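A quick write-up on the structure given underneath.
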Amino acid sequence: MRQFVFFVTALVLSGCAAEVPNCGGCAGQARMGDVRLNDIVTVGTHNSYKQAIDPRLFAALMQKAPKLAPALDYSHASLTDQLNDGARAIEIDVAYDPQGGLFAHPLGAALVGETLPDGYAQAMSKPGFKVLHVQDFDFRSSCIALRDCLAILKGWSRAHPDHVPILVTFNAKDDSLPGYTQVLKFDAAAFDAFDAEIRSVLDPKDLITPDDVQGTAPSLREAVTTKGWPTLAASRGKFILALDEQGEKRALYRGARKSLEGRVMFIDAPPGSPTAAFRVMNEALTDTAAITAAVKAGFLVRTRADADTVEARANDTRRRDAALASGAQYISTDYMRPDFRFGPYEVRLPQGVVAACNPVRAAHCGPLPEFNFELISNY
């Protein structure tokens, strides 16, 4: 049995027991004033809204696309249940639907005679950004509209005001297949509307924005690599939002700004960019050294412990273990709890700890109580 030993120093993150149930008597809490939000490591979920595909539709997908369909065979509990279970990274895919109704009648459902959830068509008919994975086929979501998802996150946060900062990443979905629902492309106006819709739900006090981090520094990059991120104490109860896109979408979101002035989301920017603060580096096995270097430089990094159900089906923990050791602050998974159809594979910090001292930035945490945790590859 292969073992991976992950040594972490448990952080006293929110009144001790609420976030780190094994922190003992919270000794050392007074010494944590200089700990910053990028000094932690925590786990969350990928495509956090996703619900299981109807079995009849999934069977049809297996016939038509036998290599693709298994990668879609996962689902998550409600956002509230995930947060209660310790998830501190959430991912939401959004599609632009300013008039409403674009996704109200999925073709895949009609193909197999699937009955849609009560209120689905009505909710999809309202104007606003919609939340789904693949239109027409993998469209079931625990919260149909972006506003609904954000309201759930906000409600949970207000009820747990001492939580460690939650990363929410967004993918701007606009790919279409010939003959199926044609998704509207994201342009500058769509991204402006995206920001506006987020701000219509989340208040400034709920957010850590690029402007908050940059402050008076000449650029966002200079801010995070010199003065650093806000303290963990000042970041409790807040969200960090990030656009997980590159190329044209990233350029459209930034626009002509020197950095990200006025924007609500960080972007996945290359390390030399004035906008560099947050990185998406998902290949934890092959990019371990690069992730560690980025974390040491002061960047916030999101990586993935698994993808496309591959690791879960094989109970292959190598990518998970590399992610935990890399220093990436936010580790995304489809398996905070095992899917026992496949096996015991899961990704979470040991012994119920929600967040811990980052293994690469441990020196920044100070003389806190130390716990040695052992992650076993086969349970």
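The values are calculated or read from the model by the stated rules, or taken from the named source; none is laboratory data. Note that the structure is predicted; figures quoted are calculated from it, not measured. We place every Cβ from the backbone using ideal geometry, glycine too, and count neighbours over all the protein chains shown. Just so you know, the surface numbers come from the protein's heavy atoms only, side chains and all, with ligands and any DNA or RNA stripped out. Shrake-Rupley method; radii C 1.70, N 1.55, O 1.52, S 1.80 Å.
Enclosing the Cα atoms of region 179-338 in their convex hull gives a volume equal to 162 cubic angstrom per residue. In the context of the full protein assembly, MET265 retains an accessible surface of approximately 0 Å², using a probe radius of 1.4 Å and ignoring ligands and nucleic acids.
Could you point to the residue in LEU146, LEU111, PHE58 farthest towards the positive end of the chain's charge dipole, with +1 and -1 charges on the Cβ of Lys/Arg and Asp/Glu respectively? Of the listed residues, the answer is LEU146.
Count the net charge of all other residues whose Cβ sits under 15 Å from the Cβ of LEU107, scoring Lys and Arg as +1 and Asp and Glu as -1. After counting each charged neighbour, the total is -1. Ranking MET336, THR309, ALA277 by how far each Cα lies toward the positive end of the dipole of region 215-346 (charges on Cβ) leaves ALA277 at the top. Exposure check, 1.4 Å probe, all protein chains in place: HIS105 carries approximately 140 Å² of accessible surface. The residues packed around LEU68, meaning those with a beta-carbon under 12 Å from its beta-carbon, carry a net charge of -1 if Lys and Arg are +1 and Asp and Glu are -1.
Normalised per residue, the accessible area of the chain is 40 Å², obtained with a 1.4 Å probe and no contribution from ligands, DNA or RNA.
For region 217-277, the pair-distance distribution built from all alpha carbon pairs, in bins 10 Å wide starting at 0, is 21, 53, 24, 2 percent.
By a 1.4 Å probe calculation restricted to protein chains, ARG319 has an accessible surface near 30 Å², given to the nearest 10.
Charges at C-beta only: +1 for Lys and Arg, -1 for Asp and Glu. How large is the resulting dipole of the chain about its Cα centre, in Debye rounded to 20?
So the magnitude is around 520 debye.
Carbon-plus-sulfur accessible fraction, the chain (probe radius 1.4 Å, protein heavy atoms only): 54%. Give the relative contact order (percent, whole number) for the chain; include only Cα pairs under 8 Å separated by 6+ residues. Value for the chain: 27 percent.
Under a Cβ-only charge scheme (Lys and Arg +1, Asp and Glu -1), can you give me the dipole magnitude of region 44-127 about the Cα centre, in debye to the nearest 20? The partial results should precede the final answer.
Working: 6 positive and 9 negative charges, 47 e Å.
Taking the Cα centre of region 44-127 as origin, the dipole is about 220 debye.
Counting only residues at least eight positions apart within a chain, or on another chain, the aspartates and glutamates with an alpha carbon under 14 Å from that of LYS258 are ASP211, GLU222. Beta bridges per DSSP, both residues in the chain: antiparallel share near 35 percent. Relative contact order of region 101-153, taken over Cα pairs closer than 8 Å and 6 or more residues apart, is 36 percent. Between VAL134 and PHE139, the built amide H atoms are under 5 Å apart, and every one of these is 5 or more places off in sequence or on another chain. Annotation: average projected area of region 149-188 is 4.4 square nanometres, based on the convex hull of Cα atoms across all directions. The simple Förster model, with R0 at 25 Å and r as the Cβ-Cβ distance, assigns GLN63 and ASP174 a FRET efficiency of 0.35. In the chain, a dipole from Cβ-located charges (positive for Lys and Arg, negative for Asp and Glu) runs towards its positive end, and of PHE129, LEU72, GLN214 it is GLN214 whose Cα lies farthest in that direction.
Put a plus charge on the Cβ of each Lys and Arg, a minus charge on the Cβ of each Asp and Glu, and nothing anywhere else: the dipole of region 59-208 about its Cα centre is then about 60 debye.
If you take all other residues with their beta carbon under 11 Å from the beta carbon of PRO117, and give Lys and Arg +1 and Asp and Glu -1, the sum is -2.
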